[in-house]
Amino acid sequence: MRTRSVRALLFGVPMLSGQLPAFDPDAAPAEPFPLFVDWLTEALAAGVREPHAVSVATVDADGCPDLRVVALRDATEAGWSFATRADSPKGRQLAAQPQAALLFHWREQARQIRVRGSVLRADPETAARDFLDRLPGSRAANLVGHQSEVLADPAAFPPALDAALARVESEPDTVDPQHALFTVRPRTVEFWQGVPNRGHVRLRYRHAGEAWTRERLWP
Ligand SMILES: Cc1cc2nc3c(=O)[nH]c(=O)nc-3n(C[C@H](O)[C@H](O)[C@H](O)COP(=O)(O)O)c2cc1C
C-alpha cells in the first residue's frame, strides 16, 4: 500500500462549512444554563448526531491531563452530570482531584461549549436511581466492571457479560455500588460559534461571587 502523508490527506478537507446558525451574544441570557438549553434544543432540531456526547477532561496523579467521551445524563442550573464507575481511571482521578472540563462539539453547527468547574459526586441513593433508570443491557455492561483494566484474554468478556445479564434478569433491583454520578459545577462556560472566514463569536460566562459575568473573547 502506498503511504500518503497525513498532510496530503487533510489538504482541502472542509472545516466550519455549510449553513451555520447565527449567534448574537448581545441577546444572550444573563446566565449560561438557559443558553445551553437553547443551543441543545437547536442542535436536536438540526439533527446534530449525539449532541449529548461530551468530552470530559480530568488530571491524573502526575498532573497529566486525561480525556474521554461520556454521555451527558442531565444538566440543571447546578451543573452538568454524567455517570461512570467510581473505580475507573476517571472515577479515581476525580476522587483525588475533583475538577473537570467538559467539551461539547456540535460540528454540524460549528459550535462548541466549554465548561470548567469543580466536581461533586452524587449520594448513593441518587446514583442508584440513575442506575435503575438504565436499560437492562446497559446495567449489565456496567456490572461487568473492570473498566479500562487490561483484558488479557478477550474470551473472558462474553461469559462475564452473559453472567451480568442473567443477574440483571434474576435480580432486577441489583445496583452496582461502583456506579457514580458526577456533576460539574460550572465556574466558566464558553459558547463558541464558528463563522467561516470571519471572526468566530465567543461568549464566556464567569461565576464571580454570586453572579455571572458575561464577556466576549477574541477569536
Ligand atoms: C459516545 C460515547 C459515550 C460514552 N459514554 C460513557 C459514559 O456515559 N460513561 C462511561 O463511563 N464511559 C462512557 N464511554 C466510554 C469512555 O469514553 C471511556 O472509554 C471509558 O469510560 C473509560 O474511561 P477512563 O479509562 O478514562 O475511566 C463513552 C464513549 C463514547 C464514545
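Any read-out appearing in this document is the output of simple, stated calculations on the displayed coordinates, not a laboratory observation. Quick caveat: nothing in here was measured; it's all calculated off a predicted structure. Positions of Cβ are backbone-derived with ideal geometry, glycine not excepted, and every protein chain shown enters the neighbour counts.
Observations on the structure shown:
- Rounded to whole Å, sorted largest first: equivalent-ellipsoid semi-axes of region 158-219, Cα gyration tensor: 46, 19, 7
- Dipole magnitude for region 66-176: about 640 debye, using +1 per Lys or Arg Cβ and -1 per Asp or Glu Cβ, origin at the Cα centre.
- Only Cα sites of region 112-219 enter the Debye sum here, all with the same form factor; the resulting log10 I(q)/I(0) across q = 0.10, 0.13, 0.22, 0.24 1/Å is -0.54, -0.72, -1.11, -1.23, listed in q order.
- Counting every pair of alpha carbons in region 7-86, the share spaced more than 19 Å apart comes to 59 percent.
- Considering only alpha-carbon pairs that sit under 8 angstrom and 6 or more positions apart, the relative contact order computed for region 36-123 is 27 percent.
- Taking a span of 18 Å or more along the helix axis (Cα atoms) and a mean Kyte-Doolittle hydropathy of at least -0.5 as the rule, the DSSP H helices of the chain that qualify are 32-45, 157-170.
- Of the three principal axes defined by the Cα atoms of the chain, the extents in descending order read 59, 57, 39 Å.
- Placing unit charges on each Cβ (+1 for Lys and Arg, -1 for Asp and Glu) gives region 1-140 a dipole about its Cα centre, and among Leu35, Gln19, Ala128 the Cα reaching farthest toward its positive end belongs to Gln19.
- Rounded to the nearest 20 debye, the dipole magnitude of region 13-93 is 440 debye, with +1 charges on Lys and Arg beta carbons, -1 on Asp and Glu beta carbons, and the Cα centre as origin.
- Cα gyration tensor category, rounded, prolate or oblate, for region 46-146 with a/c compared to 1.5: oblate
- Look at the alpha carbon pairs under 8 Å that are at least 6 residues apart: their mean separation over the length of the chain gives a relative contact order of 23 percent.
- Most to least packed among 116-123, 144-151 [average Cβ atoms within 10 Å]: 116-123, 144-151
- Whole-percent pair-distance distribution, where bins are 10 Å wide, for the alpha carbons of region 14-60: 19, 42, 33, 7
- Inter-centroid distance (Cα atoms) of region 197-219 relative to region 62-93, Å: 24 Å
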